[in-house]
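Read the structure below first, then the notes.
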Amino acid sequence: MKQKPIIWYLYPANLAVVVLAAAAVAGFASHAVRGLYEARMEAELLARSRAAVPRLAPLLAAGGELDADARCRDIAALTLSRVTLILPSGRVEGDSNARSRQMENHAHRPEIAEALAGREGTARRWSATLKTDLIYAAVPVRAGGRLVGVLRTAVPVGAVDSTAGLVIRRVALAGLLVTLLAALLSLATALILTRPLRRIRNGAARLGAGDLAFRLEIPRFRELALLAETLNKTADDVTRRIREVTRQRNELEAVLSSMAEGVMAVDRAGRILRVNRAAARFLGRPPEAFPGLAASSVIRNERFSAFLARALSEGGGAEETVDLGPSRPVLLVKSAALHDADGSALGVLLVLLDVTRLQALERVRRDFVANASHEIRTPLSAVKAAVETLLHGGGLDEPETARRFLGIVEKHSERLAAIVDDLLTLSRLEHQLKDEAAPEKAPLDLAP
């Protein structure tokens with residue numbers, strides 16, 4: 001669905017309300033003006049009828065001896081209306097616009113019935129005689145205290161409509177001008193309302209683009225002010241959290257960079273997430289070259305691939321020694337499970353220890369033990385042979401022979417004592433080196 005600016009929702013709605021209100025006011029005004037003019041015309045017709053009664057009362061009292069139609073035309077010329085005389089029986093005695101003798105009985109016409117009852121009556125209806133709508137007003141005519149007939153005057157509705165139409169057109173023109181003015185005011189109001197919304201939208205876009213130092217101006221409208229304050233507070237919270245995350249990341253980076261052990265984070269698919277400098281140094285690549293690579297393609301070793309697959313399936317907690325080949329280090333790899341904040345498994349964390357020197361030292365130790373054993377065996381064999389000769393060969397009975405064999409025993413005993421002293425010296429030196437390399441067990445402030 002295509003989105004439109006909010007002004008195209010606010011402005012048409014306001015304009016529709018204004019137009020409907022103006023139309024309703026114009027319709028009510030038109031009806032009220034027309035009704036007012038009809039009431040005014042009825043009052044004028046009644047006044048004209050009353051004024052004409054003294055002229056026509058003698059005619060009705062005389063019983064029609066004069067020309068009633070002519071008299072009605074004379075009075076119609078003065079009152080500018082149709083004039084009709086009706087006898088109490090309902091018969092038309094005279095009319096200014098038609099032959100009275102040819103007209104039907106009017107006793108049942110509403111206004112005539114009212115006048116025959118002694119009251120003034122008015123009506124509006126279609127005239128079959130003149131073929132148009134007329135407004136009628138009838139008054140009773142009395143002579144000598146008795147009702148002698150009815151005088152009715154009438155004017156076409158068109159005369160009222162033309163006069164009322166002029167007023168209605170003026171009202172409509174005024175309503176149109178008011179509508180145009182209200183439309184302009186509605187447009188201005190919509191623009192005033194949408195301007196701070198555009199500012200908030202632009203400010204939100206800047207915040208979304210990373211300009212967290214920007215803050216929105218607080219509008220004077222309460223709802224928009226609350227929205228702007230909420231966005232500013234959100235920006236403050238995001239800024240604070242970004243600083244905290246950045247601080248923690250820098251601390252973690254510093255810790256990882258200062259470690260002599262290599263660290264490698266591997267996801268569940270076996271791809272490297274990150275490595276520290278020590279691991280990059282062991283593997284001979286820059287740290288930024290590792291993320292996204294398969295760990296088994298970086299360390300091409302069958303034992304390592306099997307170890308990694310086992311660690312990923314079992315969740316860590318294993319170790320393996322991996323020889324990377326000639327002129328490359330021998331690594332002791334340990335694994336630990338890697339989890340996110342909600343405890344879901346992300347992969348494994350591998351710790352790489354360079355044990356090349358340790359293995360070399362172990363070989364030297366083995367060679368030294370073998371050499372030391374060989375060096376000890378020679379004087380022991382000589383001492384044993386000399387003692388056996390003295391004990392079983394009769395050398396004790398010969399002083400010279402006994403002295404010579406005892407000299408051999410003394411010589412090789414001294415040699416054994418020297419070898420033992422050398423072993424004790426090496427052991428003492430090894431312990432001294434271990435004691436000097438051991439960290440001092442004292443509290444240490446890590447914050448600096």
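The values are calculated or read from the model by the stated rules, or taken from the named source; none is laboratory data. Bear in mind that the values here come from a model prediction, so they are computed numbers and not experimental data. Virtual Cβ from ideal backbone geometry, glycine too; neighbours counted across all protein chains shown. Side chains are part of the model used for accessible areas, which takes the heavy atoms of the whole protein and leaves out ligands, DNA and RNA. Shrake-Rupley method; radii C 1.70, N 1.55, O 1.52, S 1.80 Å.
The table below gives the values:
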read-out	value
Close pairs from the range 199-222: first in contact (Cβ under 8 Å) with a residue 12 or more places away in the chain, partner assigned to a loop (DSSP other than H, G, I, E, B) and loosely packed, with under 14 Cβ neighbours inside 10 Å, Cβ under 6 Å, at least 6 apart	none
Test: residue in the range 372-384 that is touching a Pro at 6+ places or on another chain (Cβ under 8 Å) and polar (S, T, N, Q)	no
Qualifying residue in the range 282-294 (condition: surrounded by 12 or more Cβ atoms within 10 Å (Cβ to Cβ), at pLDDT 85 or above and touching a helix residue (DSSP H, G or I) at 6+ places or on another chain (Cβ under 7 Å))	yes
Ala183 being farther than 30 Å from Arg34 by Cα and among the hydrophobic types (A, V, I, L, M, F, W, C)	no
So Glu44, is it more than 60 Å from the chain's Cα centre (by Cα) and modelled with pLDDT of 85 or more	no
Residue match in the range 105-114 (condition: at pLDDT below 85 and open to solvent by 70 Å² or more (accessible area, probe 1.4 Å))	no
The range 124-154: number of residues that are open to solvent by less than 10 Å² (accessible area, probe 1.4 Å) and more than 16 Å from Pro54 (Cα to Cα)	6
Residues that are open to solvent by 30 Å² or more (accessible area, probe 1.4 Å) and either charged (D, E, K, R) or not in a helix (DSSP H, G or I) (or both), drawn from the range 88-102	Pro88, Ser89, Arg91, Asn97, Arg99, Arg101
Single condition Ala225 does not satisfy, out of (1) open to solvent by 70 Å² or more (accessible area, probe 1.4 Å); (2) over 30 Å from Trp126 (Cβ atoms); (3) among the aliphatic types (A, V, I, L, M); (4) part of a helix (DSSP H, G or I)	(1)
Filter result (surrounded by 13 or more Cβ atoms within 10 Å (Cβ to Cβ) and either at pLDDT 85 or above or assigned to a helix (DSSP H, G or I) (or both)) within the range 300-319	Arg303, Phe304, Ser305, Phe307, Leu308, Arg310, Ala311, Leu312
Considering residues of the range 422-448 that are more than 60 Å from the chain's Cα centre (by Cα) and over 15 Å from Phe368 (Cβ atoms) only, the residue modelled with the lowest pLDDT	Glu436
The one condition in (1) among the β-branched types (Val, Ile, Thr); (2) within 19 Å of Leu130 (Cα to Cα); (3) at pLDDT 80 or above that Thr79 fails to fulfil	(3)
Selection status of Leu85, touching a helix residue (DSSP H, G or I) at 6+ places or on another chain (Cβ under 9 Å) and either open to solvent by 30 Å² or more (accessible area, probe 1.4 Å) or assigned to a loop (DSSP other than H, G, I, E, B) (or both)	no
Which listed residue is at pLDDT below 80 and open to solvent by less than 20 Å² (accessible area, probe 1.4 Å), from Gly121, Gly165, Gly175, Gly158	Gly165
Single match in Leu350, Leu358 (criterion: of a type outside the set (S, T, N, Q), at negative phi and touching a Ser or Thr at 6+ places or on another chain (Cβ under 8 Å))	Leu350
Residue among Ile242, Ile272 that is among the β-branched types (Val, Ile, Thr), open to solvent by 30 Å² or more (accessible area, probe 1.4 Å) and closer than 24 Å to His339 by Cα	Ile242
Of residues in the range 320-378 being among the charged types (D, E, K, R) and part of a helix (DSSP H, G or I), the one farthest from Arg415 (Cα to Cα)	Arg357
